[in-house]
């Protein structure tokens, strides 16, 4: 008799191969993976690769962009990481996710050196409030991923504009320690679902990409999303978010949307 499913989004079954659990399902279809946990897993694999190839070189993932090439089924998949542009202070790496014969996602990450620039730091937006009421995101979206989240939403949020804190009690990879950054990134793609302009039962607006730019590394705790959603007049939209941790902004994220009526 099989036991209960692990309290994790993924199980490693081989050095570069993973099995997604039901916690990755949704939100557009419960037979497909939500991209958000996969984005965090890709960062985890990039950091593992960097530790092997470069050691403790002081560089950190500072920008990561994802192109979503197709539906990611809830089936086993592989991640391969390679170096595109080596360097001593900046390095570009690429992660390719394949499911069966198909490449389903390609990510590129800039790893940058981290010299002390505290004397000139500045320009960030003010922090968002931390105390917000719980919000049942499952009232808008189905799937195991959304059900796994603890979401608190600003009461003045509405269509096209929302401020939330998102957290989860689940591990990213069953039985593995992951970095604060990987855990943080695993929640960022939630942004496209927190301030929807139109009902997803009437309109489709999935994102075809995700780009994350960080001016500092996030701390532990929930992910703060200060998000704006814009729909254009010709089938395109953009979801833009200022990313926060418990002490203030850490960077920005953007998602390109394809908008169409169901």
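Just so it is clear, none of the values below were taken in a lab; they were calculated from the coordinates. All of these numbers come straight from a predicted model, not from anything done at the bench. Backbone-built Cβ (ideal geometry, glycine too); neighbour counts: all protein chains shown.
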Exercise for the section: Take 194, 128 and order them by how many other Cβ atoms sit within 10 Å, fewest up front. Expected result: 128, 194
Exercise for the section: Quick one: among 120, 229, 71, which has the greatest mean-square fluctuation in a GNM of the chain with alpha-carbon springs under 10 angstrom? Expected result: 120
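Suppose the chain between residue 138 and residue 7 were pulled fully straight at 0.36 nm per residue; how much longer would it get relative to their current alpha carbon spacing?
Values: separation 131, 0.36 × 131 = 47.16 nm, distance 1.87 nm.
Extra length available between residue 138 and residue 7 comes to 45.3 nm.
Could you compute how fast the chain diffuses translationally, taking Rh as the Kirkwood radius over C-alpha pairs and applying Stokes-Einstein at 37 °C with viscosity 0.692 mPa s? Give it in µm² per second. Please list the in-between numbers first.
Details: Rh = 18.8 Å.
The diffusion coefficient I find is 175 µm²/s.
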Exercise for the section: For every helix of n ≥ 4 consecutive DSSP H residues, a contribution of -39,500 (n - 2.57) applies; sum these over the chain, divide by its total residues, and give [θ] at 222 nm rounded to the nearest 500 deg cm²/dmol. Expected result: -3000 deg cm²/dmol
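Residue 57 to residue 176: extension gain in nm, 0.36 nm per residue of separation minus the Cα-Cα distance?
Numbers: separation 119, 0.36 × 119 = 42.84 nm, distance 2.22 nm.
My answer for the length gained is 40.6 nm.
Given 37 °C and 0.692 mPa s, compute D for segment 123-262 with the Stokes-Einstein relation, Rh being the Kirkwood radius over Cα pairs; round to the nearest whole µm²/s. Each step should come with its number before you reach the end.
Values: Rh = 15.5 Å.
For the chosen part, D equals 212 µm²/s.
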Completion exercise
So, with points 7 Å from each Cα along the Cβ direction, the residue 14-residue 75 label distance in nm works out to 1.5 nm
Completion exercise
Comparing 245, 150, 116 in a Gaussian network model of the chain (Cα, 10 Å), the one with the largest mean-square fluctuation is 116
Completion exercise
Per-residue Cβ contact counts at 10 Å, fewest first, order 179, 241 as 179, 241
Handout entry: Choice from 33, 217, 252 showing the highest fluctuation, given a GNM over the chain with Cα pairs closer than 10 Å
Key = 217
Fill in the blank from the handout: The simple spin-label model distance between residue 113 and residue 65, using points 7 Å out along Cα→Cβ, in nm, is 2.4 nm
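Kindly work out what percent of the DSSP beta bridges joining two residues of the chain are antiparallel, to the nearest 5.
On the way: 76 of 78 bridges.
Of all bridge pairs located within the chain, approximately 95 percent are antiparallel.
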Completion exercise
Exposure proxy check on 9, 145, 66: fewest-to-most Cβ neighbours within 10 Å is 66, 9, 145
